[in-house]
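Let me begin by presenting the structure, written as C-alpha cells, before commenting on it.
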Amino acid sequence: MTAATATTKGVRVSTRKVRLVADAIRNLSVEQALAALAVTNKRGAGILAKTIKSAAANAVNNAKMTQDKLMIARLDVNEGPFLKRYHASTRGRIHPFKKRSTHITVEVKEQGK
C-alpha cells in the first residue's frame, strides 16, 4: 500500500488544542476534512488544513494518486519542544510556564487500497 506523508514541525500551538481538531477529522476523506476545517473556528484548524493539503499534493505529484480518492490514513499530533518562560510575581519571585509546540504528521492513501 502506497501512502504519501507531510510533516509540520515546531508549530507554536499547544498539542492539546490541535488534537481537539484532529480527532474530529480522523478517518475522513481529504475533501471532507478540508471542508470541515474551513468552518472550524479553532487555532489548530488552519495549520492542520495546510498540512493535509501538502500531503495531498505529495500524493498527487510524487505517488501519482488521484485527488478525488484520497483519504486520511494516519494523523499524528505529538509534542514538540517547549520554550521555558517566567512571569514576574510578588515579593521578587517568579512563576515558570511553558510555551508549548506541536509536531503534526499526516499520511494519506487512496480509498479502497
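A short reminder: the numbers here are calculations on the coordinates, not readings from a lab. Owing to the predicted nature of the structure, the values given are computational and were not obtained by experimental measurement. Ideal geometry is used to build each Cβ from the backbone, glycine not excepted, and the neighbour counts take in all protein chains shown.
Brief remarks follow.
- Between the labelled values [x] 64, 26, 17; [y] 56, 33, 27; [z] 50, 38, 22, the entry that holds Cα extents along the principal axes in Å as derived from this structure is [x].
- Loop trypsin sites (Lys or Arg not before Pro), the stretch 62-92 (other Cβ atoms within 10 Å of the site Cβ: 12 or fewer; DSSP): K64
- Helical segments meeting 20 Å axial Cα length and Kyte-Doolittle -1.0 threshold in the chain (DSSP H): 43-61
- Since only S54, S14, P96 are under comparison, the one whose Cα sits farthest along the positive direction of the charge dipole of the stretch 4-110, derived from C-beta charges on Lys, Arg, Asp and Glu, is P96.
- Estimated at 0.36 nm per residue, the fully extended path between K99 and K50 surpasses their Cα-Cα distance by 15.4 nm.
- Taking the stretch 20-89 and dividing mean pair separation by its residue count, relative contact order in percent (alpha carbons under 8 Å, at least six apart): 38 percent
- Those residues of the stretch 57-79 whose amide nitrogen sits under 12 Å from the label point placed on E31, 7 Å along Cα→Cβ: 67-71
- Which listed pairs, of K53/K109; K53/K84; K42/K64; K17/K109, have C-alpha distances above 24 Å, in listed order: K53/K84; K42/K64; K17/K109
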